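Have a look at the structure below before the remarks.
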Amino acid sequence: MWMTAWLIPGVILCALSPTRAAAAGPIKVGGTGAALRSMQTLAEAFQASHSGATLAIVAGLGSRGGKRALVAGELDMAVSADPLKAEEREQGMVAQEYARTPFVFVTAQTNPASAITLHELIDVFHGKVTTWSDGRRLRLILRPPGDSDTTTLKSISPAMRDAVIAAHARPGLKMAVTDQEAAEDVAAIPGALGTSTLALIASERRPLKALAVNGVVPSVGAIANGSYPYFKSLYVIIRPNPAPPVQQFIAFLRSATGRDILFHLGQWVP
């Protein structure tokens, strides 16, 4: 199914069919929704310093879809919130971590709540806590079992893992399939609580509030110094021997300019 494409200076942002994506043209980049708007900003800066370079940001794929499209030759580069599995490496893909971003628990900016504890979060996922501290109903927004948000949640602790499994077994909870859908649901549903990344909130200017967890406010500095322990690694994934423009763009990600852009968009380059 075709989706509408829209143009911004030097960047094509669209969802392409396999036939269209395989055609010669700009560097095609797609993958996790957490990174796409940041990639758009990076693409604009890259193109300003590399005459004739053009990037097409392919929306709606997700980490897994991006990797599949890369293997199929429909993308030149994928961005993923998941590291490569052994079988994916056997398919010839090569991954490099290019940034880390705080993994955050979010609510709407209009919600007066600003902090939560890990113990409270575990109780929320178990269904033991169903209201905010002021008595308003708390509505939990889940992500699919195989999503990187769910994987990250389960990795926090055995207790959180059990709570997430319990939440997925409870009927009636809202399930957001994509990063953008989750952000939209949390912003729109009264009392909603969900997960996201600082990269998405900052780059897309979402009306969301990242809650302090156990008294620590999530920030780029806080993951850099280890005081906020929850983060997602973001990976750039390519096939062996990529074309020179792809190599140049990856080098740009690691440059001082690229690192500065990522920092201001909620990402730390280790």
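FYI, it's all coordinate maths here, none of it is from the lab. All values derive from a computational prediction rather than experimental measurement. Glycine gets a Cβ as well: all are built from the backbone with ideal geometry, and neighbour counts include every protein chain shown.
Numbers below:
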quantity	calculated
Derived scalar couplings ³J(HN,Hα) [the range 253-270; Karplus, 6.51 cos²θ - 1.76 cosθ + 1.60; whole Hz; x for Gly, Pro]	4, 8, 6, 4, 5, x, 5, 5, 4, 4, 4, 6, 10, x, 9, 10, 9, x
Length gained when the stretch residue 72-residue 85 is fully extended (0.36 nm per residue, less Cα-Cα span)	3.0 nm
At R0 = 22 Å, FRET efficiency that the Cβ-Cβ distance of residue 157 and residue 114 yields, to 0.05	0.45
DSSP bridge orientation in the chain - percent antiparallel, rounded to nearest 5	60 percent
Antiparallel content of DSSP bridges confined to the range 101-224, in %, to 5	60 percent
Placed amide H near residue 138: partners under 5 Å, 5+ positions off or other chain	131, 132
Violating pairs (Cα-Cα greater than 28 angstrom) within the set 28/209; 128/209; 67/209; 28/174; 174/232	28/209; 67/209; 28/174
Distance between modelled label sites at residue 224 and residue 94, nm, 7 Å Cα→Cβ extension	2.9 nm
